[in-house]
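Novice: Shown below is the structure under consideration.
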Amino acid sequence: MEYDLFNPPPQPVSEGTAISANPMPTPSVAEDAAQKETASEAESEAERIASLRSELHRHNYNYYVRNAPEISDQAFDELMNELQTLEQRHPELFDPNSPTQRVGSDLGSGGFPTVPHERPMLSLGNTYNREDVKAFYERVREGLGGQSFDICCELKFDGLSISLIYEQRQLVRAVTRGDGTRGDDVTPNVRTIRTIPLVLPAGVAAPSRFEIRGEVLLPWQRFEALNSEREARGEVLFANPRNAASGTLKSKDARLVAQRGLDAYLYYVLADKEPSDSHYENLLAARMWGFQVSDATRLTHSLEEIYDFIDYWDTARRSLPVATDGVVLKVDSLKQQEQLGMTAKSPRWAIAYKFQAERARTRLNSVSFQVGRTGAVTPVANMEPVLLAGTTVRRASLHNADIISSLDLYEGDYVYVEKAGEIIPQIVGVDYESRPLLMGRKVDFVKTCPECGSTLVRYEGEAAHYCPNSTACPPQLRGRVEHFISRDAMNIDSLGPETIDDYFARGLIRDAADLYQIRVEDISGNDGKRSKSAQKIVAAIEASKQVPFDRVLYALGIRFVGRVAASQIANSLRTLERVRRATFEELQAIDGIGSKIAQSIIDFFADERATTLVDRLVEAGLQTALPEVEALGTQLEGKTIVISGTFVHHSREQYKELIVRHGGKNSGSISKKTSFVLAGDNMGPAKLEKAQNLGVPLMSEDEFLTLIGQ
Ligand code: IVH
């Protein structure tokens, strides 16, 4: 019988530690209840916190690792809200591994401590063809003196490696590879990665202390979404998912990390005593403990089988959700690994086979520098057209000044172009041999803005150069107005980028506020056709005055303030005046707003030129506040109400609103202070029990509607 990860071998099951594909044990409700009756409220809340935590860990695992959720997203959110509320009430019960920590916090911002690795993190020797693989196989055979051996074949994930330490089933530390001996302790960020278990379920047969290594990745979908957001904001794009994952994992804002949606695959278990002598078996065990181990893992017994694995994944990898750049081959037996030992840099028992990236050679004609909406300057290579992975490529990104200088480029050089992460073509090397004797001009990064002549600046920790002249540099001005009118912002769809360029060229506008001064006669010619479209444009600009405040806030184009952030801020602070006056702390306290966004808003409103523009927009009549919630009655004044279950007449959101609009308060969890529970169908058993224990009355949907006179 051959096993692979689709078809795992039967697990030894000892009494009382049932290990199934779903290793999270369900807590006994009856046991819970019996204890609760005798406990004081604080104690019962502590228990509730513990049971919510283990329940949520189990649901996370079912959802993210098994892809088999057992409850609806809404039910999950409810449990999470309840836990958050209880944890806020009980700071003494703080647990860094609570499921609530997945959303990230700003705690621990300000640099990562560097810590030594318990065991060095080695790199792997690379091979690029079958002969090299064969040579590796022969070396192993020789090194083992004719013993038989198996090779575990795995995918080589193209992210960044991470070492996780678990003690007593708890994640205690996560460290990047660093220089192999020391790495950055990025534990708070890693806690936000949902496929990494924070606590292993009780009953798993994991060593009491172990290390597990793997790769942190940003899935393609997330990467593409992130880059299109960045493009829309005029920010520099990430070249590939690896850079994006690395930038994300090293971010000081764990909330941002949580939003980006990193993923992780684990591929190496290390302990004083591993569960098995077989690396492959250890991976299976790790999967049973709740880790995400790739299905593309196979135990092979011959060179032929290894070639088959390589050939299969060379194409099949294209449909994987994450980036891979090769295959890793590992001698399966740990004893044999030890026997083979290592060279100074890498083990003799493992090797990486790298897939061939599609690459082409062509001539570099010139390099131009593009200035984006935020002033970021991107160098672009203009090349002789060349066919690459099915498309003709003429231009490639050179990313930044560091990359240009490391390539030592001259115009007229022959360069190698690859599709980075199979998306954006980039120059990866120079064919120095064929550099013409009469060399072209050396390519240097510009010192001044090619559009307005300002001296470029480079912010600390950033690779990009920026033109600081945000108030007068033409592409930045145009870009800001283009952002202002875009669909998610003011949605003035009868205007497009070309029209905006035209208005700039004719001196009709210099900023967004000027749009509101445009009269039909300014933009209509003498012929009737243009006058019609002019009327349409002026009407659309006028109509944009009704666009809600959250989108106005987004339209301002404050750096790092995307649509979601803008609407979080608007919902929380309600008016422009309050956003303007908000302190750093107030901004940061808003759900989803980290230090970077908070600081950017502070900086924006500290700039007089920005506030002058905002004042002129206000004067033009744009929305500066979200509508007040209008009161419908006072029947619920002084009442705290918990909603539970499903309803017939209105949605839960509508009930929340009805409670507030009748003077009541909506709360996520039942306590002594709860006035009553608005109970729909299928109310959760935990809530029901709690209401009964505390003597909190239940009210049906119909009774509630009668109470508020509906
Ligand atoms: S095992 C001693 N397995 O490749 C062996 N590494 O150059 C340690 N990588 O730094 C590594 N997928 O970041 C291993 N299935 C896999 C891998 C993998 C990707 C990365 C890892 C490591 C680099 C080795």
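The values are calculated or read from the model by the stated rules, or taken from the named source; none is laboratory data. Since the structure is predicted, the reported quantities are computational estimates derived from the model, not experimental observations. Cβ coordinates were reconstructed from backbone atoms using ideal geometry, including for glycine residues, and neighbour counts include every protein chain displayed.
Novice: Which condition number in (1) touching a residue at least 60 places away in the same chain (Cβ under 8 Å); (2) farther than 22 Å from Ser294 by Cα; (3) surrounded by 15 or more Cβ atoms within 10 Å (Cβ to Cβ) is the one that Arg173 fails?
Specialist: Going through (1) touching a residue at least 60 places away in the same chain (Cβ under 8 Å); (2) farther than 22 Å from Ser294 by Cα; (3) surrounded by 15 or more Cβ atoms within 10 Å (Cβ to Cβ) one by one, Arg173 breaks only (1).
Novice: Pairs, please: C-beta under 8 Å, at least 6 apart or cross-chain, first residue under 19 Å from Lys345 (Cα atoms) and touching a residue at least 40 places away in the same chain (Cβ under 8 Å) and in the range 119-144, second of a type in the set (Asp, Glu) and surrounded by 13 or more Cβ atoms within 10 Å (Cβ to Cβ)?
Specialist: That search, which allows pairs on different chains as well, returns Arg119/Glu211.
Novice: Between Lys354, Lys335, which is surrounded by fewer than 18 Cβ atoms within 10 Å (Cβ to Cβ), closer than 24 Å to Pro120 by Cβ and under 27 Å from the mean Cα position of the chain (by Cα)?
Specialist: It is Lys354.
Novice: Under 7 Å between Cβ atoms, which residue pairs at least 6 apart in sequence (or on different chains) link something in the range 452-480 that is under 12 Å from Arg510 (Cα atoms) with a partner that is of a type in the set (Ser, Thr, Tyr)?
Specialist: These pairs meet every condition: Cys473/Ser454; Gln476/Ser470.
Novice: Another question, if that's okay. Inside the range 384-397, can you point out the residues that are aliphatic (A, V, I, L, M) and surrounded by fewer than 22 Cβ atoms within 10 Å (Cβ to Cβ)?
Specialist: Step one: list which residues in the range 384-397 are aliphatic (A, V, I, L, M), which gives 386-389, 393, 396.
Residues satisfying the conditions are Val386, Leu387, Leu388, Ala389, Val393.
Novice: How many residues, within the range 378-407, are touching a residue at least 12 places away in the same chain (Cβ under 8 Å) and outside any helix (DSSP H, G or I)?
Specialist: 20
Novice: I would also like to ask the following. Within the range 443-486, can you find the residues that are among the aromatic types (Phe, Trp, Tyr), under 22 Å from His399 (Cβ atoms) and buried (at least 18 other Cβ atoms within 10 Å of the Cβ)?
Specialist: Result: Phe445, Tyr466.
Novice: Has the range 188-204 got any residue that is at pLDDT 95 or above, more than 21 Å from Val115 (Cα to Cα), surrounded by 18 or more Cβ atoms within 10 Å (Cβ to Cβ) and within 11 Å of the ligand (Cβ to nearest atom)?
Specialist: no
Novice: I would also like to ask the following. Report whether or not Glu577 is without any contact (Cβ under 8 Å) to a residue 40 or more places away in the chain and in a helix (DSSP H, G or I).
Specialist: The answer is no for Glu577.
Novice: Also, quick follow-up: Within the range 163-185, does at least one residue satisfy the condition of being on the phi < 0 side of the Ramachandran plot, assigned to a loop (DSSP other than H, G, I, E, B), within 15 Å of the ligand (Cβ to nearest atom) and out of contact with any strand residue (DSSP E or B) (no Cβ under 7 Å at 6 or more places or on another chain)? I'd like the intermediate steps shown before the answer.
Specialist: Step one: of the range 163-185, the residues on the phi < 0 side of the Ramachandran plot are 163-167, 170-177, 179, 181-185.
If we keep only those that are assigned to a loop (DSSP other than H, G, I, E, B) too, we end up with 177, 179, 181.
Add one more test, that the residue is within 15 Å of the ligand (Cβ to nearest atom), and what stays is 177, 179, 181.
Subsequent filtering for residues that are out of contact with any strand residue (DSSP E or B) (no Cβ under 7 Å at 6 or more places or on another chain) retains 179.
Taking every residue of the range 163-185 in turn, at least one turns out to be on the phi < 0 side of the Ramachandran plot, assigned to a loop (DSSP other than H, G, I, E, B), within 15 Å of the ligand (Cβ to nearest atom) and out of contact with any strand residue (DSSP E or B) (no Cβ under 7 Å at 6 or more places or on another chain).
Novice: Additional query: Exactly one of these conditions fails for Ala258: (1) in contact (Cβ under 8 Å) with a residue 40 or more places away in the chain; (2) surrounded by fewer than 21 Cβ atoms within 10 Å (Cβ to Cβ). Give me its number.
Specialist: Answer for Ala258: the failing condition is (2).
Novice: Check Arg139 against each of (1) within 15 Å of the ligand (Cβ to nearest atom); (2) out of contact with any Asp or Glu (no Cβ under 6 Å at 6 or more places or on another chain) and name the one condition it does not meet.
Specialist: Only one criterion is unmet by Arg139, namely (1).
Novice: Would you check if there is a residue in the range 241-264 being among the aliphatic types (A, V, I, L, M), over 16 Å from Thr192 (Cβ atoms) and over 11 Å from the mean Cα position of the chain (by Cα)?
Specialist: No.
Novice: When the range 284-328 is examined, which residues are found to be among the small types (Gly, Ala, Ser) and either within 13 Å of the ligand (Cβ to nearest atom) or surrounded by fewer than 21 Cβ atoms within 10 Å (Cβ to Cβ) (or both)? Walk me through it before giving the result.
Specialist: The first filter runs over the range 284-328 and keeps only residues among the small types (Gly, Ala, Ser), leaving 285-286, 290, 294, 296, 302, 316, 319, 323, 326.
The answer is Ala286, Ser294, Ala296, Ser302, Ala316, Ser319, Ala323, Gly326.
Novice: I would also like to ask the following. Consider the range 202-218. How many of its residues are over 30 Å from Arg559 (Cα atoms), in a loop (DSSP other than H, G, I, E, B) and either among the small types (Gly, Ala, Ser) or in contact with a helix residue (DSSP H, G or I) (Cβ under 7 Å, 6 or more places away or on another chain) (or both)?
Specialist: Going through the range 202-218 one residue at a time, the tally reaches 6.
Novice: Specify the residue that is farthest from the ligand (Cβ to nearest atom); the eligible residues are those in the range 329-377 that are touching a Cys at 6+ places or on another chain (Cβ under 7 Å) and assigned to a loop (DSSP other than H, G, I, E, B).
Specialist: So the residue we want is Gly375.
Novice: Is there a residue in the range 269-276 that is over 13 Å from the mean Cα position of the chain (by Cα), without any contact (Cβ under 8 Å) to a residue 60 or more places away in the chain and crowded, with 23+ Cβ neighbours inside 10 Å?
Specialist: The answer is yes; a qualifying residue exists.
Novice: Inspect the range 463-481 for any residue being of a type in the set (D, E, K, R) and either outside any helix (DSSP H, G or I) or within 30 Å of Thr362 (Cα to Cα) (or both) and give the result as yes or no.
Specialist: no
Novice: All but one of (1) modelled with pLDDT under 95; (2) touching a helix residue (DSSP H, G or I) at 6+ places or on another chain (Cβ under 7 Å) hold for Val331, so report the exception by its number.
Specialist: (1)
Novice: Every residue in the range 77-110 that is out of contact with any strand residue (DSSP E or B) (no Cβ under 9 Å at 6 or more places or on another chain), surrounded by 14 or more Cβ atoms within 10 Å (Cβ to Cβ), modelled with pLDDT under 80 and part of a helix (DSSP H, G or I), please.
Specialist: Result: Asn81, Arg102, Val103.
Novice: Could you say whether any residue in the range 216-231 is within 16 Å of the ligand (Cβ to nearest atom) and of a type in the set (Lys, Arg)?
Specialist: No, the range 216-231 contains no residue that is within 16 Å of the ligand (Cβ to nearest atom) and of a type in the set (Lys, Arg).
Novice: Counting only residues that are in a loop (DSSP other than H, G, I, E, B) and within 24 Å of Arg191 (Cα to Cα), which one in the range 219-255 is modelled with the highest pLDDT?
Specialist: Step by step, filter the range 219-255, then rank; the result is Pro219.
Novice: Please determine, by comparing only the residues of the range 690-709 that are among the charged types (D, E, K, R) and surrounded by 16 or more Cβ atoms within 10 Å (Cβ to Cβ), which one is farthest from Lys656 (Cα to Cα).
Specialist: Across the range 690-709, the extreme among qualifying residues is Lys690.
Novice: Still on this structure, I have one more. For the range 531-548, what are the residues that are surrounded by fewer than 17 Cβ atoms within 10 Å (Cβ to Cβ), assigned to a helix (DSSP H, G or I) and within 35 Å of the chain's Cα centre (by Cα)?
Specialist: Of everything in the range 531-548, those that are surrounded by fewer than 17 Cβ atoms within 10 Å (Cβ to Cβ), assigned to a helix (DSSP H, G or I) and within 35 Å of the chain's Cα centre (by Cα) turn out to be Lys545, Gln546.
Novice: Turning to a different aspect of this structure: Would you mind stating whether Val457 is touching a helix residue (DSSP H, G or I) at 6+ places or on another chain (Cβ under 6 Å) and among the aliphatic types (A, V, I, L, M)?
Specialist: Values: touching a helix residue (DSSP H, G or I) at 6+ places or on another chain (Cβ under 6 Å): no; among the aliphatic types (A, V, I, L, M): yes.
For Val457, the condition - touching a helix residue (DSSP H, G or I) at 6+ places or on another chain (Cβ under 6 Å) and among the aliphatic types (A, V, I, L, M) - is not met.
Novice: Within the range 136-162, track down each residue that is over 19 Å from the mean Cα position of the chain (by Cα) and assigned to a loop (DSSP other than H, G, I, E, B).
Specialist: Across the range 136-162, the qualifying residues are Leu144, Gly145, Gly146, Gln147, Ser148, Phe149, Asp150.
Novice: For Ser208, which of the numbered conditions (1) within 24 Å of Leu284 (Cα to Cα); (2) within 16 Å of the ligand (Cβ to nearest atom) fails to hold?
Specialist: (2)
Novice: Residues Val367, Val371: which one is buried (at least 18 other Cβ atoms within 10 Å of the Cβ), under 27 Å from the mean Cα position of the chain (by Cα) and of a type in the set (A, V, I, L, M, F, W, C)?
Specialist: Val371
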